[in-house]
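Here's the structure, in structure tokens; my notes come after.
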Amino acid sequence: MYITLDGISKEYSGFRAIDRATMSIGRDEFISLLGPSGSGKTTLLRIIAGLERPTRGRVIIDGQDVTALPPHRRGVAMVFQEFLLFPHRTVAENLAFPLRMMKMPRADIEERLRWIVGLMSLNGLEDRYPNQLSGGQQQRVALGRGLVGKPKALLLDEPLANLDRELRQEMEIEIRRHQATLGIPFIYVTHNQEEALSMSDRIAVVRRGRIEDFAERSAVYDRPRTSFIAQFVGRSNRFDGQFGPDGRLLDTGNGPQLALPEDGLRGLPGHAAQAFVKVEKIRLSDAPDGPLPGPNAMLCTVRDIILRGPQIDYLLDAGGRELSVSSPRDAAPFARGHRVLARWRPEDIDLFPQETDLPAEQAA
Ligand SMILES: Nc1ncnc2c1ncn2[C@@H]1O[C@H](COP(=O)(O)OP(=O)(O)O)[C@@H](O)[C@H]1O
Ligand SMILES: [Mg+2]
């Protein structure tokens, strides 16, 4: 592996900001560190960059233990949320800055500048000052300044957080393309699950200084390893309940009965659990005249309808309980006030033992 974090911990006067983080990153990977605000993402990134020394553990880059090396001797570059461009220097001067720091000969700098200006589509803007650029252009200068020295890896700390949605989605594609073209690892910090899911090969979910899971993005989304990940990634409905005598039915009290797959794991009778069902896994149909057809179903009333392009989100009311459902637009002909039957498959339930020792956490 190209970059290895080996048992990294970081303490600030007794507070553990990073707790035994271990991960390995390949030479050609796009990795995201995804977690809520304050979970330790920036601290971990700064430790890789050398801007922060870990209390324990090692950082290995390209076979070399760099834990004791200063930032400029690690060969990695970092891009920040605030861009941090020099306001009184032109685009060309901003881009050339890292090369000057490396004491590159003037002729080589000229050539390298032509390369990065082309790569970042900044042609014609070389003599402008940052305040004469759009947000997207400033972002590309910041990105170019990170890449101009041909680093071994690029670290990005929420670089798109200040851009509006449309521009952000454009830049996601652009950043991903640069990573693929350059063939160096990008380590991308974000609290935004959509960003992490759209760009990454693998996602490390960070919570309270710990890496809760580090896996392929589809695995993080489809098979959350912890209830925190189930709440933080994707949009889900949560059901709290207790297992019945057969360990297969989860009784949620005045909510629905959830039935686990026949051939899957069972719960311990009488034990509590949290179950999650993603909004897009729930199917709606007209409510039947008679009673509920069985478990994994709820009778609801449509309370609100939200158009989201090709999807329609339904907010449903089931006897005081709220249910969120996202349906493809053409499969969703229900109007407000309509009575519907909501159903899901046993295999679409993500199940976790009840957490009782932790306060409820807000997804950022
Ligand atoms: N220099 C510091 N001194 C003390 N505490 C810090 C310092 N830097 C970060 N922290 C704390 O470490 C935790 C993680 O911070 P940070 O890495 O910035 O989180 P994130 O980037 O995920 O929002 C926070 O509780 C933060 O207050
Ligand atoms: Mg941060």
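The values are calculated or read from the model by the stated rules, or taken from the named source; none is laboratory data. Everything numeric in this text was worked out from a predicted model, so none of it was measured. Note that each Cβ is placed from the backbone with ideal geometry, even for glycine, and that neighbours are counted across all protein chains shown. Areas reflect the complete protein model, heavy atoms only, side chains present, ligands, DNA and RNA absent. Shrake-Rupley method; radii C 1.70, N 1.55, O 1.52, S 1.80 Å.
Here is a yes/no grid of residues against (1) within 11 Å of ligand 1 (Cβ to nearest atom); (2) closer than 30 Å to Q132 by Cα; (3) at pLDDT 95 or above:
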| position | (1), (2), (3) |
| --- | --- |
| R16 | yes, no, yes |
| R20 | no, no, yes |
| L51 | yes, no, yes |
| D65 | no, no, yes |
| Q81 | yes, yes, no |
| L84 | no, yes, no |
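Checking L315, L299, L341 one by one, the residue that is outside the structural domain of P36 (by TED's automatic domain parsing) and in contact with a Lys or Arg (Cβ under 6 Å, 6 or more places away or on another chain) is L315 and no other.
Quick check: anything in region 146-155 buried (at least 20 other Cβ atoms within 10 Å of the Cβ), within 16 Å of ligand 2 (Cβ to nearest atom) and not in a loop (DSSP other than H, G, I, E, B)? Walk me through it before giving the result.
Quick first cut of region 146-155, residues buried (at least 20 other Cβ atoms within 10 Å of the Cβ) only: 146-148, 153-155.
Checking the rest, the ones that are also within 16 Å of ligand 2 (Cβ to nearest atom) come to 155.
Checking the rest, the ones that are also not in a loop (DSSP other than H, G, I, E, B) come to 155.
Checked region 146-155: at least one residue is buried (at least 20 other Cβ atoms within 10 Å of the Cβ), within 16 Å of ligand 2 (Cβ to nearest atom) and not in a loop (DSSP other than H, G, I, E, B).
Would you confirm, using the coordinates I've provided, whether G136 is closer than 25 Å to I60 by Cβ, open to solvent by less than 40 Å² (accessible area, probe 1.4 Å), assigned to a helix (DSSP H, G or I) and touching a residue at least 24 places away in the same chain (Cβ under 8 Å)? Against the criterion (closer than 25 Å to I60 by Cβ, open to solvent by less than 40 Å² (accessible area, probe 1.4 Å), assigned to a helix (DSSP H, G or I) and touching a residue at least 24 places away in the same chain (Cβ under 8 Å)), G136 does not qualify. When F83 is tested against (1) within 25 Å of T190 (Cβ to Cβ); (2) assigned to a strand (DSSP E or B); (3) not small (G, A, S), only condition (2) is not met. Of the residues making up region 256-298, those that are open to solvent by 40 Å² or more (accessible area, probe 1.4 Å) and aliphatic (A, V, I, L, M) number 4. Please indicate, with yes or no, whether at least one residue in region 318-341 is open to solvent by less than 60 Å² (accessible area, probe 1.4 Å), assigned to a strand (DSSP E or B), more than 29 Å from L34 (Cβ to Cβ) and at pLDDT 95 or above. Yes, region 318-341 contains a residue that is open to solvent by less than 60 Å² (accessible area, probe 1.4 Å), assigned to a strand (DSSP E or B), more than 29 Å from L34 (Cβ to Cβ) and at pLDDT 95 or above. Annotation note: Cβ proximity below 6 Å between a residue of region 249-266 that is under 20 Å from C300 (Cβ atoms) and a residue that is open to solvent by 40 Å² or more (accessible area, probe 1.4 Å) and hydrophobic (A, V, I, L, M, F, W, C) (sequence gap 6+ or interchain) occurs for Q257/L249; A259/L249.
Residues that are part of a strand (DSSP E or B) and within 16 Å of ligand 2 (Cβ to nearest atom) were ranked within region 189-202; the one that is farthest from T4 (Cα to Cα) is T190. Annotation for region 178-187: no member residue is assigned to a helix (DSSP H, G or I), open to solvent by less than 20 Å² (accessible area, probe 1.4 Å) and of a type in the set (G, A, S). Can you report the number of residues in region 96-131 which are in a loop (DSSP other than H, G, I, E, B), open to solvent by 80 Å² or more (accessible area, probe 1.4 Å) and modelled with pLDDT of 95 or more? Total meeting the criteria: 4.
Residue selection: L143 fails the criterion of being surrounded by fewer than 19 Cβ atoms within 10 Å (Cβ to Cβ), under 30 Å from I61 (Cα atoms) and either in contact with a helix residue (DSSP H, G or I) (Cβ under 9 Å, 6 or more places away or on another chain) or free of Cβ contacts under 8 Å to residues at least 24 places away in the same chain (or both). Checking each residue in region 261-288 for being out of contact with any strand residue (DSSP E or B) (no Cβ under 7 Å at 6 or more places or on another chain) and not small (G, A, S) picks out P261, E262, D263, L265, R266, K281. So which residues in region 71-80 are open to solvent by less than 50 Å² (accessible area, probe 1.4 Å) and part of a loop (DSSP other than H, G, I, E, B), if there are any at all? Within region 71-80, R74, G75 meet the criteria.
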